[in-house]
Amino acid sequence: MGDFDVVSRIRDFWRDCAGNLALSFALLSPVLFGLMGGAVDLIVYERQQTQMQDAADAAALAAAREASLKGWNAETAEAVVVSMINGNLEGKTFSRETEFKTLVSVDELKRTVHVTLDMDQYSFFVLSYFRNDPQIRVSSTATSSGETNICMVGLDETASATVGLSGKAVVNAAECAVYSNSSATNGLVSKDQGLLSAQFSCSVGGYAGKSGNYSRKPTTDCPVMADPLDERIAPVAGACDHTNLVVSKQTIALDPGTYCGGINIENDADVTFKPGIYVIKNGELRSKNNSIAVGAGVSFYFTGAGSRFAFDGTTEIDFVAPSSGPMAGILFFQDPASPAGAVFEIASKKASNLLGTIYLPNAILSVQAKNKIAETSAYTVIVAKRIEIGDSTQMYVNANYDLTTVPVPPGLGPQPGRVRLLD
(Lines give C-alpha, C1' and ligand atoms only; values in the text may rest on other atoms or scores of the structure.)
Protein backbone atom coordinates (compact mmCIF):
# COMPACT_ATOMS: atom_id res chain seq x y z
CA MET A 1 0.00 0.00 0.00
CA GLY A 2 1.43 3.31 -1.07
CA ASP A 3 1.55 6.53 0.78
CA PHE A 4 -1.29 7.83 -1.34
CA ASP A 5 -3.64 5.03 -0.18
CA VAL A 6 -2.88 5.73 3.45
CA VAL A 7 -3.65 9.42 3.09
CA SER A 8 -6.80 8.66 1.16
CA ARG A 9 -8.06 6.32 3.83
CA ILE A 10 -7.35 8.88 6.54
CA ARG A 11 -9.28 11.49 4.60
CA ASP A 12 -12.21 9.14 4.17
CA PHE A 13 -12.16 8.35 7.90
CA TRP A 14 -12.29 12.01 8.94
CA ARG A 15 -14.95 12.69 6.35
CA ASP A 16 -17.09 9.93 7.79
CA CYS A 17 -16.45 11.18 11.34
CA ALA A 18 -17.35 14.74 10.42
CA GLY A 19 -20.52 13.53 8.81
CA ASN A 20 -21.40 11.50 11.86
CA LEU A 21 -20.63 14.43 14.16
CA ALA A 22 -22.79 16.77 12.06
CA LEU A 23 -25.58 14.22 12.08
CA SER A 24 -25.18 13.67 15.81
CA PHE A 25 -25.16 17.40 16.48
CA ALA A 26 -28.22 17.87 14.32
CA LEU A 27 -29.98 15.13 16.22
CA LEU A 28 -28.86 16.33 19.66
CA SER A 29 -29.13 20.10 19.18
CA PRO A 30 -32.81 20.30 20.20
CA VAL A 31 -31.94 18.50 23.38
CA LEU A 32 -28.92 20.71 23.97
CA PHE A 33 -30.88 23.89 23.29
CA GLY A 34 -33.66 22.56 25.49
CA LEU A 35 -31.24 21.97 28.33
CA MET A 36 -29.75 25.43 27.90
CA GLY A 37 -33.20 27.02 27.68
CA GLY A 38 -34.34 25.06 30.71
CA ALA A 39 -31.35 26.26 32.68
CA VAL A 40 -32.12 29.86 31.74
CA ASP A 41 -35.80 29.27 32.58
CA LEU A 42 -34.91 27.99 36.04
CA ILE A 43 -32.73 31.02 36.72
CA VAL A 44 -35.50 33.38 35.55
CA TYR A 45 -38.16 31.39 37.40
CA GLU A 46 -36.32 31.54 40.71
CA ARG A 47 -35.57 35.24 40.28
CA GLN A 48 -39.18 36.07 39.44
CA GLN A 49 -40.46 33.91 42.30
CA THR A 50 -38.15 35.76 44.71
CA GLN A 51 -39.27 39.14 43.39
CA MET A 52 -42.91 38.13 43.74
CA GLN A 53 -42.39 36.78 47.26
CA ASP A 54 -40.65 39.99 48.32
CA ALA A 55 -43.53 42.01 46.85
CA ALA A 56 -46.17 39.87 48.56
CA ASP A 57 -44.36 40.13 51.92
CA ALA A 58 -44.07 43.91 51.65
CA ALA A 59 -47.72 44.22 50.64
CA ALA A 60 -48.97 42.02 53.49
CA LEU A 61 -46.94 44.00 56.04
CA ALA A 62 -48.17 47.33 54.66
CA ALA A 63 -51.79 46.18 54.69
CA ALA A 64 -51.51 44.86 58.26
CA ARG A 65 -49.95 48.14 59.38
CA GLU A 66 -52.72 50.14 57.69
CA ALA A 67 -55.38 47.85 59.18
CA SER A 68 -53.96 48.27 62.68
CA LEU A 69 -54.40 52.02 62.39
CA LYS A 70 -57.61 52.38 60.41
CA GLY A 71 -59.54 49.17 60.94
CA TRP A 72 -59.50 45.68 59.52
CA ASN A 73 -61.33 46.44 56.31
CA ALA A 74 -60.92 44.06 53.34
CA GLU A 75 -61.44 46.76 50.71
CA THR A 76 -58.79 49.04 52.24
CA ALA A 77 -56.37 46.13 52.64
CA GLU A 78 -56.79 45.13 49.00
CA ALA A 79 -56.12 48.68 47.79
CA VAL A 80 -52.92 48.83 49.86
CA VAL A 81 -51.79 45.41 48.63
CA VAL A 82 -52.37 46.17 44.94
CA SER A 83 -50.56 49.48 45.21
CA MET A 84 -47.58 47.92 46.99
CA ILE A 85 -47.30 44.99 44.57
CA ASN A 86 -47.49 47.22 41.50
CA GLY A 87 -44.81 49.47 42.94
CA ASN A 88 -42.51 46.61 43.89
CA LEU A 89 -42.82 44.69 40.60
CA GLU A 90 -42.58 47.70 38.30
CA GLY A 91 -39.45 47.51 36.14
CA LYS A 92 -38.63 43.96 37.19
CA THR A 93 -37.85 41.08 34.76
CA PHE A 94 -41.34 40.39 33.46
CA SER A 95 -42.60 40.57 29.88
CA ARG A 96 -45.42 42.81 28.74
CA GLU A 97 -47.66 39.79 28.36
CA THR A 98 -47.17 38.73 31.97
CA GLU A 99 -50.38 38.74 33.99
CA PHE A 100 -50.65 39.04 37.76
CA LYS A 101 -53.61 38.18 39.94
CA THR A 102 -53.85 39.23 43.59
CA LEU A 103 -56.13 37.75 46.23
CA VAL A 104 -56.41 39.41 49.66
CA SER A 105 -58.23 38.06 52.71
CA VAL A 106 -58.56 39.74 56.11
CA ASP A 107 -59.24 37.95 59.39
CA GLU A 108 -60.27 40.63 61.87
CA LEU A 109 -60.44 38.26 64.84
CA LYS A 110 -56.91 36.93 64.25
CA ARG A 111 -55.73 40.35 63.05
CA THR A 112 -54.10 38.95 59.93
CA VAL A 113 -53.88 39.89 56.26
CA HIS A 114 -53.22 37.05 53.81
CA VAL A 115 -51.95 37.82 50.29
CA THR A 116 -51.78 35.40 47.36
CA LEU A 117 -49.99 36.55 44.20
CA ASP A 118 -50.20 34.57 40.93
CA MET A 119 -48.17 35.05 37.72
CA ASP A 120 -49.20 33.80 34.28
CA GLN A 121 -48.50 34.29 30.55
CA TYR A 122 -44.73 34.75 30.85
CA SER A 123 -42.89 33.37 27.78
CA PHE A 124 -40.41 30.85 29.11
CA PHE A 125 -38.20 28.94 26.64
CA VAL A 126 -39.16 25.47 27.81
CA LEU A 127 -41.28 25.74 30.93
CA SER A 128 -44.11 27.24 28.90
CA TYR A 129 -44.63 23.78 27.38
CA PHE A 130 -45.07 22.33 30.85
CA ARG A 131 -46.81 25.34 32.37
CA ASN A 132 -48.96 25.18 35.43
CA ASP A 133 -51.93 27.44 35.94
CA PRO A 134 -50.70 29.77 37.35
CA GLN A 135 -47.04 29.56 36.40
CA ILE A 136 -45.89 30.92 39.77
CA ARG A 137 -47.87 31.35 42.99
CA VAL A 138 -46.57 32.91 46.20
CA SER A 139 -48.37 33.82 49.40
CA SER A 140 -47.69 35.81 52.54
CA THR A 141 -49.50 36.41 55.83
CA ALA A 142 -48.84 39.33 58.15
CA THR A 143 -50.24 40.16 61.55
CA SER A 144 -50.25 43.20 63.79
CA SER A 145 -50.19 42.96 67.56
CA GLY A 146 -50.26 45.54 70.32
CA GLU A 147 -51.65 48.18 68.01
CA THR A 148 -53.74 50.99 69.39
CA ASN A 149 -55.78 53.77 67.92
CA ILE A 150 -56.43 55.42 71.24
CA CYS A 151 -59.62 57.44 71.62
CA MET A 152 -60.85 56.85 75.19
CA VAL A 153 -58.79 56.27 78.34
CA GLY A 154 -59.93 55.98 81.95
CA LEU A 155 -56.83 56.73 84.06
CA ASP A 156 -57.95 55.68 87.56
CA GLU A 157 -56.00 52.54 88.46
CA THR A 158 -58.16 51.28 91.35
CA ALA A 159 -61.78 52.40 90.93
CA SER A 160 -64.73 50.33 89.84
CA ALA A 161 -66.09 51.43 86.47
CA THR A 162 -63.16 53.62 85.57
CA VAL A 163 -64.92 53.46 82.22
CA GLY A 164 -68.61 52.80 82.81
CA LEU A 165 -71.78 52.65 80.70
CA SER A 166 -75.28 52.36 82.14
CA GLY A 167 -78.92 52.85 81.23
CA LYS A 168 -79.34 52.88 77.46
CA ALA A 169 -75.99 54.48 76.80
CA VAL A 170 -74.09 53.60 73.65
CA VAL A 171 -70.45 54.43 72.93
CA ASN A 172 -69.66 54.30 69.22
CA ALA A 173 -65.91 53.84 68.90
CA ALA A 174 -65.88 51.54 65.88
CA GLU A 175 -62.44 52.60 64.65
CA CYS A 176 -60.51 53.04 67.87
CA ALA A 177 -59.59 51.66 71.26
CA VAL A 178 -61.11 52.14 74.72
CA TYR A 179 -58.88 51.55 77.78
CA SER A 180 -59.53 51.20 81.48
CA ASN A 181 -56.42 51.43 83.65
CA SER A 182 -58.24 50.05 86.69
CA SER A 183 -57.02 46.80 88.21
CA ALA A 184 -60.46 46.20 89.72
CA THR A 185 -62.37 43.15 88.56
CA ASN A 186 -65.00 45.53 87.19
CA GLY A 187 -62.71 48.29 86.01
CA LEU A 188 -64.59 48.36 82.70
CA VAL A 189 -68.39 48.19 82.94
CA SER A 190 -71.22 48.12 80.44
CA LYS A 191 -74.50 47.26 82.15
CA ASP A 192 -78.30 47.57 81.85
CA GLN A 193 -78.92 48.17 78.14
CA GLY A 194 -75.58 49.86 77.61
CA LEU A 195 -73.45 48.97 74.60
CA LEU A 196 -69.73 49.56 74.16
CA SER A 197 -69.10 49.30 70.42
CA ALA A 198 -65.35 49.59 69.97
CA GLN A 199 -62.73 48.29 67.59
CA PHE A 200 -60.81 47.18 70.67
CA SER A 201 -61.44 47.50 74.41
CA CYS A 202 -59.02 46.62 77.16
CA SER A 203 -58.99 46.54 80.95
CA VAL A 204 -56.02 46.16 83.27
CA GLY A 205 -58.26 44.23 85.63
CA GLY A 206 -61.59 42.78 84.57
CA TYR A 207 -64.85 43.84 83.05
CA ALA A 208 -68.51 43.52 83.99
CA GLY A 209 -71.54 43.12 81.80
CA LYS A 210 -73.10 40.56 79.50
CA SER A 211 -71.83 39.67 76.04
CA GLY A 212 -74.64 41.76 74.58
CA ASN A 213 -73.21 44.84 76.31
CA TYR A 214 -70.10 44.70 74.11
CA SER A 215 -69.69 44.56 70.35
CA ARG A 216 -66.48 42.60 70.96
CA LYS A 217 -65.35 40.80 74.07
CA PRO A 218 -62.97 43.06 76.01
CA THR A 219 -59.35 42.06 76.53
CA THR A 220 -58.16 41.83 80.14
CA ASP A 221 -54.79 41.83 81.91
CA CYS A 222 -53.62 44.73 79.77
CA PRO A 223 -50.65 46.81 80.92
CA VAL A 224 -51.37 50.15 82.53
CA MET A 225 -51.35 52.92 79.96
CA ALA A 226 -49.32 55.94 81.02
CA ASP A 227 -51.15 59.23 80.81
CA PRO A 228 -50.47 60.18 77.17
CA LEU A 229 -50.73 63.92 77.93
CA ASP A 230 -48.87 63.92 81.22
CA GLU A 231 -46.05 66.06 79.84
CA ARG A 232 -48.27 68.47 77.95
CA ILE A 233 -47.43 72.05 78.97
CA ALA A 234 -50.43 73.83 80.46
CA PRO A 235 -51.35 77.42 79.62
CA VAL A 236 -50.40 80.23 81.99
CA ALA A 237 -53.28 81.54 84.10
CA GLY A 238 -52.66 85.27 84.06
CA ALA A 239 -54.40 88.11 85.87
CA CYS A 240 -58.20 88.14 85.76
CA ASP A 241 -59.61 89.68 82.59
CA HIS A 242 -63.15 89.04 83.83
CA THR A 243 -64.62 88.05 87.20
CA ASN A 244 -67.85 86.08 87.71
CA LEU A 245 -69.06 86.83 84.19
CA VAL A 246 -72.76 86.23 83.54
CA VAL A 247 -74.23 86.37 80.05
CA SER A 248 -78.05 86.36 80.08
CA LYS A 249 -80.49 87.06 77.24
CA GLN A 250 -77.67 88.41 75.08
CA THR A 251 -75.96 87.63 71.79
CA ILE A 252 -72.30 88.31 72.35
CA ALA A 253 -68.78 87.37 71.24
CA LEU A 254 -66.19 86.76 73.95
CA ASP A 255 -62.43 87.24 73.71
CA PRO A 256 -59.79 84.80 74.96
CA GLY A 257 -58.42 85.52 78.41
CA THR A 258 -58.61 84.56 82.08
CA TYR A 259 -62.12 84.31 83.49
CA CYS A 260 -61.91 84.21 87.28
CA GLY A 261 -65.01 82.77 88.88
CA GLY A 262 -66.04 81.26 85.55
CA ILE A 263 -68.60 82.09 82.86
CA ASN A 264 -72.36 81.62 83.30
CA ILE A 265 -74.34 81.50 80.04
CA GLU A 266 -78.09 81.41 80.64
CA ASN A 267 -81.62 82.44 79.67
CA ASP A 268 -81.51 82.15 75.87
CA ALA A 269 -78.07 83.74 75.62
CA ASP A 270 -76.09 83.13 72.43
CA VAL A 271 -72.32 83.25 72.94
CA THR A 272 -69.59 82.90 70.34
CA PHE A 273 -66.08 82.29 71.65
CA LYS A 274 -63.43 83.87 69.44
CA PRO A 275 -60.38 81.72 68.59
CA GLY A 276 -57.87 81.40 71.40
CA ILE A 277 -57.31 80.05 74.92
CA TYR A 278 -59.87 80.61 77.70
CA VAL A 279 -58.66 80.09 81.25
CA ILE A 280 -61.53 79.22 83.62
CA LYS A 281 -60.13 79.88 87.09
CA ASN A 282 -61.85 78.94 90.36
CA GLY A 283 -65.24 78.69 88.71
CA GLU A 284 -67.46 77.02 86.15
CA LEU A 285 -68.04 77.27 82.46
CA ARG A 286 -71.78 76.76 82.66
CA SER A 287 -74.44 76.85 79.97
CA LYS A 288 -78.13 76.48 80.85
CA ASN A 289 -81.72 77.61 80.18
CA ASN A 290 -81.84 77.27 76.37
CA SER A 291 -78.54 79.03 75.79
CA ILE A 292 -76.07 78.50 72.93
CA ALA A 293 -72.28 78.36 73.17
CA VAL A 294 -70.10 77.92 70.08
CA GLY A 295 -66.49 78.46 69.13
CA ALA A 296 -63.94 77.37 66.50
CA GLY A 297 -60.22 77.31 67.22
CA VAL A 298 -60.87 77.45 70.95
CA SER A 299 -59.36 75.74 73.96
CA PHE A 300 -60.58 75.88 77.58
CA TYR A 301 -58.18 75.45 80.51
CA PHE A 302 -59.69 74.72 83.94
CA THR A 303 -57.63 75.47 87.03
CA GLY A 304 -58.29 76.00 90.73
CA ALA A 305 -61.04 74.98 93.15
CA GLY A 306 -64.48 74.42 91.66
CA SER A 307 -63.24 74.76 88.11
CA ARG A 308 -65.25 72.61 85.66
CA PHE A 309 -67.79 72.74 82.85
CA ALA A 310 -71.50 71.92 83.01
CA PHE A 311 -73.77 72.00 79.95
CA ASP A 312 -77.36 71.19 80.88
CA GLY A 313 -79.99 69.40 78.85
CA THR A 314 -81.56 72.52 77.36
CA THR A 315 -78.41 73.94 75.81
CA GLU A 316 -76.63 73.77 72.47
CA ILE A 317 -72.83 73.57 72.27
CA ASP A 318 -70.45 73.37 69.30
CA PHE A 319 -66.69 73.56 69.82
CA VAL A 320 -63.62 72.94 67.64
CA ALA A 321 -60.08 72.83 69.06
CA PRO A 322 -57.23 74.92 67.59
CA SER A 323 -55.35 73.62 64.54
CA SER A 324 -52.07 75.19 65.67
CA GLY A 325 -50.39 76.80 68.64
CA PRO A 326 -49.64 75.55 72.16
CA MET A 327 -53.11 73.99 72.58
CA ALA A 328 -53.41 72.46 69.13
CA GLY A 329 -55.83 69.55 69.26
CA ILE A 330 -56.88 70.26 72.88
CA LEU A 331 -60.49 71.29 73.44
CA PHE A 332 -60.80 70.99 77.25
CA PHE A 333 -57.77 70.74 79.55
CA GLN A 334 -57.97 70.34 83.33
CA ASP A 335 -55.01 71.40 85.43
CA PRO A 336 -53.67 68.08 86.84
CA ALA A 337 -53.01 69.89 90.15
CA SER A 338 -56.69 70.83 90.58
CA PRO A 339 -58.50 69.25 93.55
CA ALA A 340 -59.76 65.74 92.86
CA GLY A 341 -63.41 64.88 92.57
CA ALA A 342 -64.73 67.49 90.15
CA VAL A 343 -67.44 66.27 87.79
CA PHE A 344 -67.50 67.72 84.28
CA GLU A 345 -71.00 67.35 82.86
CA ILE A 346 -72.42 67.15 79.35
CA ALA A 347 -76.18 66.77 79.05
CA SER A 348 -76.81 69.12 76.13
CA LYS A 349 -79.79 68.58 73.88
CA LYS A 350 -77.52 69.41 70.93
CA ALA A 351 -73.79 68.75 71.04
CA SER A 352 -73.10 67.28 67.62
CA ASN A 353 -69.63 68.76 67.23
CA LEU A 354 -66.94 68.43 69.89
CA LEU A 355 -63.84 68.23 67.73
CA GLY A 356 -60.62 67.70 69.64
CA THR A 357 -59.37 66.19 72.88
CA ILE A 358 -61.09 66.29 76.27
CA TYR A 359 -58.36 65.95 78.91
CA LEU A 360 -59.49 65.71 82.54
CA PRO A 361 -56.71 63.87 84.39
CA ASN A 362 -58.08 64.43 87.90
CA ALA A 363 -61.83 64.51 87.29
CA ILE A 364 -64.88 62.55 86.20
CA LEU A 365 -66.41 63.14 82.79
CA SER A 366 -70.15 62.49 83.09
CA VAL A 367 -72.19 62.40 79.89
CA GLN A 368 -75.88 62.00 80.72
CA ALA A 369 -77.79 63.09 77.64
CA LYS A 370 -80.90 61.92 75.84
CA ASN A 371 -79.43 62.35 72.41
CA LYS A 372 -76.38 62.01 70.19
CA ILE A 373 -73.12 63.58 71.30
CA ALA A 374 -70.25 64.47 68.92
CA GLU A 375 -71.67 62.49 66.00
CA THR A 376 -70.49 65.01 63.38
CA SER A 377 -67.03 65.55 64.85
CA ALA A 378 -64.20 64.33 62.64
CA TYR A 379 -62.69 62.97 65.83
CA THR A 380 -63.11 63.16 69.58
CA VAL A 381 -60.59 61.84 72.08
CA ILE A 382 -61.37 61.48 75.81
CA VAL A 383 -58.78 61.06 78.56
CA ALA A 384 -60.16 61.38 82.09
CA LYS A 385 -59.65 59.95 85.55
CA ARG A 386 -63.06 58.32 85.19
CA ILE A 387 -65.62 58.28 82.40
CA GLU A 388 -69.34 57.79 83.04
CA ILE A 389 -71.76 57.50 80.11
CA GLY A 390 -75.42 57.07 81.07
CA ASP A 391 -79.09 57.80 80.43
CA SER A 392 -79.81 57.28 76.72
CA THR A 393 -76.63 58.96 75.50
CA GLN A 394 -75.25 57.98 72.13
CA MET A 395 -71.62 59.01 72.45
CA TYR A 396 -69.69 59.09 69.18
CA VAL A 397 -65.93 58.79 69.45
CA ASN A 398 -65.06 59.20 65.80
CA ALA A 399 -61.58 58.71 64.40
CA ASN A 400 -61.69 60.42 60.99
CA TYR A 401 -58.39 62.20 61.52
CA ASP A 402 -57.85 62.86 57.81
CA LEU A 403 -61.00 64.97 57.60
CA THR A 404 -59.74 67.85 59.73
CA THR A 405 -56.74 70.11 60.14
CA VAL A 406 -57.04 69.82 63.92
CA PRO A 407 -54.15 67.53 64.91
CA VAL A 408 -54.40 64.64 67.32
CA PRO A 409 -52.05 65.33 70.26
CA PRO A 410 -48.95 63.11 70.31
CA GLY A 411 -49.55 59.89 72.23
CA LEU A 412 -53.19 59.68 71.15
CA GLY A 413 -54.91 58.59 67.98
CA PRO A 414 -53.17 56.10 65.69
CA GLN A 415 -50.31 54.26 67.37
CA PRO A 416 -48.82 51.50 65.16
CA GLY A 417 -48.22 48.16 66.79
CA ARG A 418 -45.71 45.44 65.97
CA VAL A 419 -46.26 44.16 62.45
CA ARG A 420 -44.65 40.86 61.44
CA LEU A 421 -44.89 38.03 58.94
CA LEU A 422 -46.25 34.68 60.02
CA ASP A 423 -44.38 31.53 59.10
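The values are calculated or read from the model by the stated rules, or taken from the named source; none is laboratory data. Small disclaimer: the values here were computed from a predicted structure and weren't measured. So basically every Cβ, Gly included, is an ideal-geometry build from the backbone, and we count neighbours across all protein chains shown. Accessible surface areas use protein heavy atoms only, side chains included; no ligands, DNA or RNA. Shrake-Rupley method; radii C 1.70, N 1.55, O 1.52, S 1.80 Å.
Structural remarks
- When D270, D318 are screened for being under 32 Å from the mean Cα position of the chain (by Cα), open to solvent by 10 Å² or more (accessible area, probe 1.4 Å) and among the charged types (D, E, K, R), only D318 passes.
- Here segment 72-104 is the region considered, the condition is being polar (S, T, N, Q) and surrounded by fewer than 13 Cβ atoms within 10 Å (Cβ to Cβ), and the residue that is farthest from L61 (Cα to Cα) is S95.
- Residue satisfying all of: in segment 349-383; buried (at least 16 other Cβ atoms within 10 Å of the Cβ), among the hydroxyl-bearing types (S, T, Y) and more than 20 Å from V163 (Cα to Cα); farthest from the chain's Cα centre (by Cα) among these: S352
- Residue ID - farthest from the chain's Cα centre (by Cα), chosen from residues in segment 175-206 that are under 21 Å from K370 (Cα atoms) and surrounded by fewer than 21 Cβ atoms within 10 Å (Cβ to Cβ): D192
- Count of segment 314-348 residues, restricted to those that are out of contact with any Leu (no Cβ under 7 Å at 6 or more places or on another chain) and within 19 Å of S166 (Cα to Cα), is 5.
- Test: residue in segment 406-420 that is at pLDDT 95 or above and touching a Ser or Thr at 6+ places or on another chain (Cβ under 6 Å): yes
- Within segment 38-61, considering residues that are open to solvent by less than 30 Å² (accessible area, probe 1.4 Å) and either closer than 17 Å to T98 by Cα or out of contact with any helix residue (DSSP H, G or I) (no Cβ under 9 Å at 6 or more places or on another chain) (or both), the one modelled with the lowest pLDDT: D41
- Number of residues in segment 133-162 that are of a type in the set (V, I, T), more than 30 Å from A56 (Cα to Cα) and over 21 Å from the mean Cα position of the chain (by Cα) equals 2.
- Annotation note: of T162, T185, T158, T141, the sole residue that is in contact with a His (Cβ under 8 Å, 6 or more places away or on another chain) and β-branched (V, I, T) is T141.
Residues checked against (1) farther than 20 Å from A67 by Cβ; (2) among the aliphatic types (A, V, I, L, M); (3) not in a strand (DSSP E or B):
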site: D156; (1), (2), (3): yes, no, yes
site: A159; (1), (2), (3): yes, yes, yes
site: E175; (1), (2), (3): no, no, no
site: S182; (1), (2), (3): yes, no, yes
site: Q193; (1), (2), (3): yes, no, yes
site: L196; (1), (2), (3): yes, yes, no
site: F200; (1), (2), (3): no, no, no
site: G212; (1), (2), (3): yes, no, yes
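- Tabulated pairs, segment 162-177, first at positive phi, second open to solvent by 40 Å² or more (accessible area, probe 1.4 Å) and of a type in the set (D, E), C-beta under 7 angstrom, 6+ apart or interchain: G167/D192; G167/D391
- Residues of segment 296-315 satisfying the condition of being closer than 12 Å to L355 by Cβ and either open to solvent by less than 10 Å² (accessible area, probe 1.4 Å) or among the polar types (S, T, N, Q) (or both): V298, S299
- Under the condition of being surrounded by 19 or more Cβ atoms within 10 Å (Cβ to Cβ) and modelled with pLDDT under 95, the residues counted in segment 330-341 number 1.
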